[in-house]
Every structure is written in C-alpha cells, then in structure tokens.
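Here's the structure we're looking at; comments come further down.
The values are calculated or read from the model by the stated rules, or taken from the named source; none is laboratory data. Computed from a predicted structure; not experimentally measured. Glycine gets a Cβ as well: all are built from the backbone with ideal geometry, and neighbour counts include every protein chain shown.
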C-alpha cells in the first residue's frame with residue numbers, strides 16, 4: 001500500500017490538488033475580469049472627453065429605476081465638474097450617468113446622489129416646458145446631432161418628473177423652448193438621491209446621413225439649493241453669461257464627443273396631426289355683433305423628413321384657438337409694444353429664421369433696442385388686432401452641409417374683416433457656419449399685398465455674427481426694403497462690437513434706419529433715425545464675502561438722432577449697481593437721465609396730452625429679486641423721479657410665484673404708476689395673476705386673469721391641456737373680456753367678447 005503524504009502533495013508541483021486549485025483561481029479571475037464593467041470614457045488627441053455609445057442588449061423597462069443589466073455592464077460617467085459657483089471644482093454631489101442605444105432610440109440614465117433629504121431638494125414644478133423648470137433641481141443632456149459644435153437639442157428632467165425639451169442655435173444666440181418632439185422619461189427615488197431614465201427616438205432627431213454617427217454630447221446636473229451647475233466636460237465660468245446656472249449647456253463647442261453610435265436607415269419618417277375644433281363665440285366689438293355663434297372645423301398638420309437633416313412641415317386650415325392670450329402691458333411711450341409669438345406652428349422652427357439675432361438688446365446693455373426685426377411671425381394671421389384665417393402653408397427647415405435653411409410660405413384668407421385682403425407671405429433664410437462659432441447669412445421676405453396701399457412689399461438682407469475666442473463678438477447687417485410707392489431712403493444697417501467676459505464687459509454699436517425702410521413681415525418700433533450705443537461693465541466675484549456671489553457695475557449711454565432732420569430725438573444715460581447673493585437673490589440700484597424731443601402732440605393718457613418740445617428728466621430705481629427656486633419668489637421694484645414734464649412714482653411686483661404644492665402655484669404680478677404733470681394727473685394699474693394646477697407633467701389646468709386700467713379691461717383665460725398620448729392633445733379653452741370703464745353705470749358687467757373652444761388632435765407617425 002502506498003500512502004501519500006498530503007503535507008507534501010499539497011505543495012508539490014505535480015500535486016493534482018494544486019492543479020485544481022490553480023485552475024479554479026484562474027477561472028475565477030477570468031470570470032471576474034469578464035464581469036468588470038466596460039470603460040466608455042476616454043480622451044482624444046486634443047484632450048477632449050470622448051464617450052463611447054454602447055448598444056443595448058436585452059429588455060429595457062422605462063421606469064427610472066436603473067435596474068437593467070446595462071447599468072452593471074458599463075462604467076458610469078462620473079467626475080462632473082462645477083462651472084458655477086466654484087469653477088473647476090468637483091460637483092458637490094456625486095452624479096453617475098450612462099449612454100446607450102438600440103435600433104430605435106438613444107437612452108440616457110443617471111443616478112443623482114443627494115446628501116440631504118428630499119424636503120431640501122428644489123422640485124416645485126411639473127408642467128412641461130415652463131421656464132420655472134430651470135429653477136428646479138434637474139439633470140439634462142444636450143445632443144449635437146450634426147456635430148457642428150454650435151447647434152444642439154437638449155432634454156431636461158426634474159426629480160418629480162417635470163420635463164422640457166429645447167433647441168439651441170448658434171451656441172445660445174437662440175434657445176427655443178417651444179421646440180417639442182416625441183420622447184419620454186421617468187424618475188424614481190432611492191435612499192440617498194433620485195434617478196432618471198430618458199428614451200429619445202432617433203426619428204425625433206435630425207442628423208447627418210449615414211448609419212455610423214459621431215455626435216457631440218454634454219451632461220449637466222443642477223443643484224438649486226446651492227445654485228450649482230456641474231457638467232461632464234469642464235466649462236469656464238464666463239459661459240454662465242453672468243450668473244446663469246443654465247447657460248453653460250449652450251456652450252456646445254466645449255461638449256464631449258459621442259462615438260460608435262448607430263442610427264437606423266432612412267425611412268418614411270412622416271407625422272400627420274389632424275385636428276377637430278368646436279367653438280362658441282360672442283363678440284360685441286364688431287358690427288354686426290355676434291352672439292353665441294357656434295361653428296366647427298377640421299384641419300391638419302403634416303411633418304415629413306425629406307432627409308435625415310431636412311424637414312418639411314405643411315399646415316391646412318390652421319387654427320390657434322388653444323393659444324394663451326397675450327400678457328397685457330402699459331405703454332407710456334409713443335412707440336408700438338412688442339408681443340411675443342405664442343403659436344406652435346411658428347415657434348417650432350423659428351431659430352432657422354433668426355436674422356441678426358441679438359440686434360434688439362435691452363435698455364441699458366448697450367444693445368440697439370430700436371433695431372428692426374426682419375421677420376416677425378405675428379405679422380401672419382393677425383391684423384388690426386384681429387385673427388386672419390390661415391388657409392394653408394408650408395415650411396422647410398434643417399441643415400444642408402454647413403448651411404442652415406429656413407423657407408416659409410403661408411396663404412391667408414380675407415375672412416370677414418374689412419380692409420383685409422387674401423395675402424401670401426414668403427420667407428427664405430440661409431445661414432452658413434464659418435470659423436469656430438460664427439455665421440454669415442441672407443434673408444428674403446415677401447408680402448403679396450402691402451399694408452401701405454396697392455402693390456407688394458419685399459425685404460432683402462445680409463448679416464454676419466462673428467465670434468473670436470470665448471468673449472469677443474461682432475454683429476452686423478445690411479437690409480433693404482422695397483414697397484410700392486416708397487422710393488429710396490429704404491435702407492437699414494448696423495454694426496456692433498461686444499466683449500462679454502465674466503469680470504469685464506464692453507459693447508458699442510451704431511444703427512441706421514431710414515424713413516422709408518418698411519419691413520412689413522417684420523417689426524419696426526420706430527423709423528428715420530441714427531442710433532449710437534455703448535456700455536461698460538465691471539463684475540467682480542469677491543472671495544472674502546461668503547454671502548455675495550457677484551457685484552455688477554454697469555454704465556450705458558444711448559443716443560438717437562433723426563436721420564432726416566439731424567436733431568437729437570432720444571438720449572439715455574444709465575448707471576446701475578447690482579449685487580447677486582449666494583442664495584440667488586439680487587438687489588440693484590440705478591439712476592437714469594433721459595431726453596426726449598417731441599415733434600407733435602403726444603397723448604400719453606386719456607385726457608392728458610404732452611405738447612411738442614424738449615423734455616429732460618432724471619429718475620431713480622431700486623429693486624429686490626427673490627431667487628426663483630424659493631417657494632415664494634418675485635421682484636419688488638420702486639421707481640421715483642422726474643417723468644416728461646412732471647413726476648412719476650411707480651411700484652411693481654413682477655415675476656411673482658407662490659408655490660402652494662409642487663402641483664399648485666400662483667403667479668401674481670402688479671404695477672401701479674402715479675403720474676403728476678402740469679398737463680394733468682393720472683394713475684395706471686396693471687394686475688395679472690395666473691394659477692396652474694398640474695395633474696401630471698402632461699395634464700394641467702391654468703387660468704389667467706388680467707386688469708388694465710389704461711385699456712379699461714378685465715379679461716380671463718382658462719385652459720385645460722391634456723397630452724393624452726405623446727404628441728396628441730386635448731384642449732378646453734374659455735376666454736372673456738369685460739369693459740371696466742369707471743364712467744359706465746354697471747362697471748365690470750359690460751361684455752366685450754366671450755369664447756369657448758374644444759380642440760382635439762391626434763399624432764400619427766409613419
């Protein structure tokens with residue numbers, strides 16, 4: 001009998017036990033190595049972050065819980081870097097993100113760790129696309145699908161499921177939050193944070209031809225309690241454009257590169273959205289009066305992907321009855337007010353039609369506040385304050401190589417409005433990418449029936465927006481209108497220089513609008529003038545004062561001369577000191593000196609007329625703004641001082657918001673002017689309150705009540721919107737306008753008009 005010494009065989013090179021042990025260890029190591037998550041992040045030759053997209057295998061349930069195996073197979077994208085408030089520092093909370101795709105969709109998942117309980121998160125809005133979503137905690141992705149390093153599509157989700165999509169043009173020169181596509185998202189909570197999953201169909205996006213794609217990608221985490229924005233790729237604090245936690249996403253040229261992405265081949269890619277509408281109307285402002293008139297109608301919109309990067313839209317018998325009414329304004333100037341576009345058809349692709357964007361600045365920033373808008377879509381389908389029926393129209397938008405394309409043709413009907421003729425509107429806009437972040441372009445507009453009489457109206461223009469480095473930019477344009485009966489003196493041109501660093505800012509510009517320049521498919525606030533503007537800014541970030549994020553000292557000047565007469569018409573000098581606090585509150589003080597020359601009598605209010613002559617007046621303004629992430633927010637302001645020939649004291653509370661629950665909020669706004677003049681005294685009141693109750697992110701009820709003493713009107717607008725299927729909607733809208741003239745015997749009871757609308761549409765995709 002042979003007896004083996006197990007103490008020897010245990011370590012012998014020829015021991016079977018040793019062999020089994022080694023093989024087991026090798027197998028275990030191999031298995032462990034195979035199960036190790038795959039690396040998806042790398043750096044290219046220029047040091048830019050590169051993310052490898054991974055194809056999804058297996059089932060996927062969009063529930064926000066991150067329970068699928070793909071999250072174990074891939075290493076997450078981590079190490080987000082603060083842009084604001086601490087540039088270059090790691091994000092204060094850990095963020096993990098994943099990017100993958102299948103044959104139909106691209107997916108983004110994220111785990112957002114939180115060291116504080118949910119009661120301290122800022123999540124108070126659920127309604128889709130509203131601005132307040134940007135004041136919440138959120139996770140966002142930006143996709144540069146054309147990989148041109150300047151345009152992108154962005155998608156944002158909050159911890160309670162609120163979501164928004166928006167298009168970014170030319171690195172934020174235009175951010176179109178009214179751009180809507182079909183996509184979906186879900187969120188969930190866990191002990192220590194919240195998670196999100198996004199599913200974005202490829203058919204909802206536009207990109208270059210070819211199955212194998214390389215895109216740009218940026219990921220952002222906003223933590224509102226700290227007013228913090230952190231990104232996958234580091235961004236300079238100057239990209240915040242002051243102190244904005246959202247603006248960094250617009251710096252598309254700094255985004256990461258997304259590789260190994262495969263998209264489906266070209267298919268029909270068509271959408272049809274038919275609608276049905278029923279309406280009951282009472283209108284006592286027209287002759288003959290209409291009382292409880294009922295009518296119904298049908299129409300449809302069609303969207304067709306001509307190529308993967310070019311889209312055609314068609315509309316027939318278009319109706320915008322579901323659109324919220326305009327927010328009223330008090331006008332104490334002698335020029336027309338500007339009301340924004342709210343109709344979906346014109347909002348969706350408006351970035352492709354922008355001309356010399358940025359020419360219309362705001363008072364005091366050195367921008368040309370009186371610069372004309374060459375294409376203003378509200379000129380189509382609206383005239384004399386009334387709706388003009390749109391029979392049909394089409395639009396082509398997209399990108400061909402390095403050229404952005406926008407083409408529009410709309411035919412309107414005369415309807416029942418006196419003096420209104422059936423009119424064709426045409427707009428063609430081309431814009432080519434040059435250099436790193438610059439563009440040059442041209443525009444053509446045509447109105448078949450001029451507003452000035454018989455004949456037509458056209459406009460031709462060329463513009464250039466040149467950006468050098470991160471902070472230096474030049475903007476210029478030359479435009480000419482042609483109107484039957486108006487000959488010569490029909491030019492407008494502008495040049496402007498800007499330096500927009502974080503600490504220093506400087507702007508200077510010169511604008512000319514001749515007296516016969518007539519953009520009838522645009523917007524012109526005033527004509528026949530030369531304008532010179534300039535401003536300087538100093539914005540230090542004091543490190544020694546923990547509760548102050550930024551000081552802002554700004555001085556500006558604005559001069560306008562009559563081009564025909566050569567006389568000074570308008571002048572404004574303004575100095576402002578503002579402080580931005582770490583809690584996002586802002587306090588500001590400013591002084592303004594203004595000069596106005598009147599050539600004619602100016603009726604500034606009922607029964608109060610200013611005589612022709614020169615007016616020089618100085619005023620002071622103070623304001624305090626509460627951060628919009630607060631449960632109660634808004635801006636309190638006080639203005640006092642000289643005003644034309646007398647004095648004006650005004651109080652205002654604007655951008656107000658009161659959060660009752662994350663589903664219910666009120667937005668009060670109120671302003672009052674007490675004006676005393678030798679010509680007469682008057683007081684104006686403008687009050688507005690909006691309430692919103694959000695049942696789900698896709699269903700809400702909102703109401704808007706407005707009182708304007710200048711127009712003697714009290715109006716209400718109630719809207720119920722339900723997106724019952726992605727892209728398919730039901731609207732129920734009630735409007736009412738009452739005359740509130742205080743000299744009427746039955747004040748608040750005189751009806752002007754009333755309307756009830758039910759509209760339903762259905763999105764069909766092919």
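In the set (1) within 23 Å of residue 529 (Cα to Cα); (2) in a strand (DSSP E or B), the condition left unmet by residue 473 is number (1). Go through the stretch 586-607 and give me each residue that's surrounded by fewer than 16 Cβ atoms within 10 Å (Cβ to Cβ) and either within 30 Å of residue 120 (Cβ to Cβ) or over 34 Å from the mean Cα position of the chain (by Cα) (or both). Answer for the stretch 586-607, where residues must be surrounded by fewer than 16 Cβ atoms within 10 Å (Cβ to Cβ) and either within 30 Å of residue 120 (Cβ to Cβ) or over 34 Å from the mean Cα position of the chain (by Cα) (or both): 587, 598, 599, 600, 601, 603, 606, 607. Of all residues assigned to the stretch 57-71, none qualifies as being closer than 21 Å to residue 257 by Cβ, assigned to a loop (DSSP other than H, G, I, E, B), out of contact with any helix residue (DSSP H, G or I) (no Cβ under 6 Å at 6 or more places or on another chain) and assigned by TED's automatic domain parsing to the domain that holds residue 213.
Within the option set 626, 695, being at pLDDT below 95 and crowded, with 19+ Cβ neighbours inside 10 Å holds for one residue only, 626. Looking at 455, 441, just one residue is in contact (Cβ under 8 Å) with a residue 24 or more places away in the chain, farther than 30 Å from residue 578 by Cα and part of a loop (DSSP other than H, G, I, E, B), and that residue is 455.
Among the residues of the stretch 467-476, those identified as touching a strand residue (DSSP E or B) at 6+ places or on another chain (Cβ under 6 Å) and surrounded by fewer than 16 Cβ atoms within 10 Å (Cβ to Cβ) are 472, 474. Taken over the stretch 395-405, the criterion of being over 21 Å from residue 342 (Cβ atoms) and not in a loop (DSSP other than H, G, I, E, B) is satisfied by 396, 398, 399, 400, 403, 404, 405. Count of the stretch 587-600 residues, restricted to those that are farther than 30 Å from residue 611 by Cβ and either out of contact with any strand residue (DSSP E or B) (no Cβ under 8 Å at 6 or more places or on another chain) or modelled with pLDDT under 95 (or both), is 0. Under the condition of being modelled with pLDDT of 95 or more and buried (at least 22 other Cβ atoms within 10 Å of the Cβ), the residues counted in the stretch 102-128 number 5. Inspect all residues belonging to the stretch 625-636 and state whether any of them is farther than 30 Å from residue 548 by Cα and out of contact with any helix residue (DSSP H, G or I) (no Cβ under 7 Å at 6 or more places or on another chain). No - not one qualifying residue is present in the stretch 625-636.
Residue-by-condition table, conditions (1) more than 21 Å from residue 524 (Cβ to Cβ); (2) under 24 Å from the mean Cα position of the chain (by Cα):
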{"site": "418", "(1), (2)": "yes, no"}
{"site": "438", "(1), (2)": "yes, yes"}
{"site": "441", "(1), (2)": "no, yes"}
{"site": "450", "(1), (2)": "no, no"}
{"site": "473", "(1), (2)": "yes, yes"}
{"site": "483", "(1), (2)": "no, no"}
{"site": "487", "(1), (2)": "no, no"}
{"site": "498", "(1), (2)": "yes, yes"}
{"site": "502", "(1), (2)": "yes, yes"}
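Residue count for the stretch 661-680 satisfying the condition of being in a loop (DSSP other than H, G, I, E, B) and either touching a strand residue (DSSP E or B) at 6+ places or on another chain (Cβ under 7 Å) or surrounded by 18 or more Cβ atoms within 10 Å (Cβ to Cβ) (or both): 5. Taking the listed residues 283, 260, the one that is surrounded by 15 or more Cβ atoms within 10 Å (Cβ to Cβ), under 30 Å from residue 205 (Cα atoms) and touching a strand residue (DSSP E or B) at 6+ places or on another chain (Cβ under 7 Å) is 260, with no other qualifying. Can you find even one residue in the stretch 291-298 that is within 30 Å of residue 687 (Cα to Cα) and assigned to a strand (DSSP E or B)? Looking for residues that are within 30 Å of residue 687 (Cα to Cα) and assigned to a strand (DSSP E or B), one finds at least one in the stretch 291-298, hence yes.
If you go through the stretch 681-689 one residue at a time, do you hit one that is closer than 16 Å to residue 133 by Cα, surrounded by 19 or more Cβ atoms within 10 Å (Cβ to Cβ) and touching a strand residue (DSSP E or B) at 6+ places or on another chain (Cβ under 6 Å)? Looking through the stretch 681-689, none of the residues is closer than 16 Å to residue 133 by Cα, surrounded by 19 or more Cβ atoms within 10 Å (Cβ to Cβ) and touching a strand residue (DSSP E or B) at 6+ places or on another chain (Cβ under 6 Å). Selection of first residues in the stretch 301-328 that are within 18 Å of residue 393 (Cα to Cα) and of second residues that are in a loop (DSSP other than H, G, I, E, B), restricted to Cβ pairs under 6 Å at least 6 apart or on distinct chains, gives the following pairs, ordered by first then second residue: 305/269; 320/343.
Check residue 88 against each of (1) in a loop (DSSP other than H, G, I, E, B); (2) touching a strand residue (DSSP E or B) at 6+ places or on another chain (Cβ under 8 Å); (3) under 18 Å from residue 186 (Cβ atoms) and name the one condition it does not meet. Only one criterion in (1) in a loop (DSSP other than H, G, I, E, B); (2) touching a strand residue (DSSP E or B) at 6+ places or on another chain (Cβ under 8 Å); (3) under 18 Å from residue 186 (Cβ atoms) is unmet by residue 88, namely (3).
Only one entry of 253, 238 meets the criterion of being out of contact with any strand residue (DSSP E or B) (no Cβ under 8 Å at 6 or more places or on another chain), surrounded by fewer than 21 Cβ atoms within 10 Å (Cβ to Cβ), in the same structural domain as residue 151 (by TED's automatic domain parsing) and farther than 15 Å from residue 140 by Cβ, and that entry is 253. Scanning the stretch 77-89 for residues that are over 17 Å from residue 255 (Cα atoms) and surrounded by fewer than 19 Cβ atoms within 10 Å (Cβ to Cβ) yields 86, 89. Restricting 408, 430, 417 to those that are free of Cβ contacts under 8 Å to residues at least 40 places away in the same chain and assigned to a strand (DSSP E or B) reduces the list to 430. Whether a residue is in contact with a strand residue (DSSP E or B) (Cβ under 8 Å, 6 or more places away or on another chain), surrounded by fewer than 17 Cβ atoms within 10 Å (Cβ to Cβ) and farther than 24 Å from residue 328 by Cα was assessed, and residue 645 passes this test. Every condition in (1) free of Cβ contacts under 8 Å to residues at least 12 places away in the same chain; (2) buried (at least 23 other Cβ atoms within 10 Å of the Cβ) holds for residue 136 except the one numbered (1). Listed by position, the strands (runs of 3 or more DSSP E) contained in the stretch 145-243 that have at least 3 residues being over 27 Å from residue 42 (Cβ atoms) and either under 20 Å from the mean Cα position of the chain (by Cα) or without any contact (Cβ under 8 Å) to a residue 24 or more places away in the chain (or both) are 163-169, 174-176. Among the residues of the stretch 403-440, those that are over 18 Å from residue 376 (Cα atoms) and buried (at least 17 other Cβ atoms within 10 Å of the Cβ) comprise 404, 413, 420, 433, 437, 438, 439. Among the residues of the stretch 307-327, those identified as surrounded by fewer than 18 Cβ atoms within 10 Å (Cβ to Cβ) and part of a loop (DSSP other than H, G, I, E, B) are 320, 323, 324, 325, 326, 327.
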